[in-house]
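Novice: Sharing a structure here in structure tokens format.
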Amino acid sequence: MLVQPTLILIVGPTAVGKTELCLNLAKKFKTDIVSCDSRQFYRELEIGTAKPSPEELATVPHHLINSISIYEEYDVKQFEQDALKILEDLFKEKQVVIMTGGSGLFAKVITEGLDEMPEVEPGIRAQIIQEFEEKGLAFLQEEVKKGDPIYFSEVDIQNPQRLMRALEIIRGTGKPFSSFRKRTKTDRPFRVLKIGLNRDREELYQRIDARMDQMIEAGLFEEAKKFFDQRHLNALQTVGYQEIFGFLEGKYDREEAIRLLKRNSRRYAKRQLTWFKKDTEIQWFNPSELNQIMNWIDKELVT
């Protein structure tokens with residue numbers, strides 16, 4: 001008999017094997033899967049976001065996949081509200097719910113709550129946006145790296161919205177963005193079991209490269225071309241699309257675009273692991289250790 005409702009959070013880098021484990025767990029506990037992967041919310045983006053296949057989505061109920069449009073404004077605060085409401089409803093009928101994704105910030109907001117950031121003069125944001133439009137992503141990266149190296153080591157440096165937000169706080173307060181991040185956790189009406197998945201680095205990188213080859217064969221370049229005119233949207237400021245947009249803009253050839261797709265995906269995985277490794281509550285496994293994972297969960301659920 002479970003003491004209280006339990007959220008099993010499965011995290012790890014891209015291509016590590018989270019989907020398969022979550023499907024196994026959902027079947028075992030006869031429960032639903034909630035996504036905390038910020039790339040998979042957008043219904044228009046199919047190939048480049050590595051969503052579960054239609055067959056996998058039909059196997060067990062999923063939430064917050066294909067839930068919004070790329071044309072909608074959506075941030076971590078809205079996600080927190082949406083996900084907590086879904087969990088509240090699910091826990092009325094189920095003792096265990098699965099949540100998974102590679103977006104560290106979105107996972108953290110559900111388990112620990114959202115940081116309260118100070119108000120900043122609106123003109124600062126406008127100035128940063130103008131500078132970004134004139135000088136590009138590399139400018140934002142350099143400014144955040146200089147103003148807050150701690151946050152720079154954790155953030156998705158390909159995401160201009162996150163970088164602009166950090167820079168806004170840095171300039172508006174004169175303090176690092178990371179200094180305002182939450183020191184105490186928000187109490188939740190459920191407990192959380194955290195499982196991290198990882199593989200030998202060489203194996204993981206081979207899986208990332210193979211997945212990218214599969215995406216390209218499935219039509220990733222064609223999908224990116226379809227959204228070329230919308231490339232300024234926040235949803236498209238991500239690995240898997242930005243590299244192809246550069247190719248479509250004539251900055252380099254297709255072969256170089258593929259090299260960048262694979263390299264940047266590997267770098268993204270490394271940043272994901274850097275983020276998750278800092279959470280000492282995460283119990284780490286290789287995805288092949290299914291029995292050990294199941295046994296660990298069963299043991300934790302009754303204690």
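Values quoted throughout were computed directly from the atomic coordinates according to the rules given, and no laboratory measurement underlies them. Computed from a prediction, not measured in an experiment: that's the story for all the values here. For neighbour counting, all protein chains shown are included, and Cβ atoms are generated from backbone atoms with ideal geometry for every residue, glycine included.
Novice: Output the pairs from 108/262; 85/185; 51/145 with a Cα-Cα distance over 23 Å in this structure; if there are none, say none.
Specialist: Working: 108/262 27 Å; 85/185 19 Å; 51/145 31 Å.
Those over the limit are 108/262; 51/145.
Novice: List, in order, the whole-Hz ³J(HN,Hα) value for each residue of the stretch 221-230 obtained from phi through the Karplus relation with A = 6.51, B = -1.76, C = 1.60 and θ = phi - 60°; use x for Gly and Pro.
Specialist: 3J(HN,Hα) across the stretch 221-230, in whole Hz: 5, 5, 5, 4, 4, 4, 10, 4, 6, 9.
Novice: Using the number of other C-beta atoms within 10 angstrom as an exposure proxy, rank 229, 156 with the fewest first.
Specialist: Result, fewest neighbours first: 229, 156.
Novice: Set the Förster radius R0 to 41 Å, insert the Cβ-Cβ distance between residue 145 and residue 300 as r into 1/(1 + (r/R0)^6), and round the FRET efficiency to 0.05.
Specialist: 0.60
Novice: By counting other Cβ atoms within 10 Å of each Cβ, how are 193, 290, 220 ranked from fewest to most? Could you put the intermediate results ahead of the total?
Specialist: Details: 193 17, 290 14, 220 23.
The fewest-first ordering by Cβ neighbours comes to 290, 193, 220.
Novice: What spacing in nm lies between the two simple spin-label points modelled at residue 89 and residue 191, each 7 Å away from Cα in the Cβ direction?
Specialist: 2.7
Novice: Per 0.36 nm of contour for each residue apart, how much would the distance between residue 27 and residue 121 grow if the chain were fully extended, relative to their Cα-Cα spacing?
Specialist: 28.9 nm
Novice: Tell me, how many Å apart are the Cα centres for the stretch 216-254 and for the stretch 75-153?
Specialist: If you average the Cα positions of each part, the centres end up 23 Å apart.
Novice: On to the next question. At R0 = 30 Å, how high is the FRET efficiency between residue 277 and residue 218 if r is their beta carbon distance? Nearest 0.05 is fine.
Specialist: Computed FRET efficiency for residue 277 and residue 218 comes out at 0.45.
Novice: Could you grab the relative contact order for the chain? Cα pairs under 8 Å, six or more apart, rounded to a whole percent.
Specialist: Relative contact order comes out at 28 percent.
Novice: R0 = 22 Å: FRET efficiency of residue 161 with residue 200, Cβ-based, nearest 0.05? Working shown, then result.
Specialist: Working: r = 33 Å, r/R0 = 1.50.
That gives a FRET efficiency of 0.10.
Novice: Sticking with this structure for a sec: Under a Cβ-Cβ cut-off of 13 Å, what is the net charge of the residues other than residue 232 that fall near it, where Lys and Arg count +1 and Asp and Glu count -1? Walk me through the intermediate numbers first.
Specialist: Working: positive: 231; negative: 133, 229, 249.
Once positives and negatives cancel, what remains is -2.
Novice: Listed here are the pairs 30/226; 18/278; 92/277; which of them are more than 27 Å apart at the Cα?
Specialist: 30/226; 92/277
Novice: So which GluC sites (Glu not before Pro) in the stretch 108-195 are both in a DSSP loop and have at most 10 other Cβ atoms within 10 Å of their Cβ? Mind showing how you got there, number by number?
Specialist: On the way: sites: 112, 116, 119, 131, 133, 134, 142, 143, 154, 168; in loops: 116, 119, 154.
Qualifying residues, ordered by number: 116, 119.
Novice: A follow-up question, please. Could you put 215, 99, 294 in order, starting from the residue whose Cβ has the fewest other Cβ atoms within 10 Å?
Specialist: 294, 215, 99
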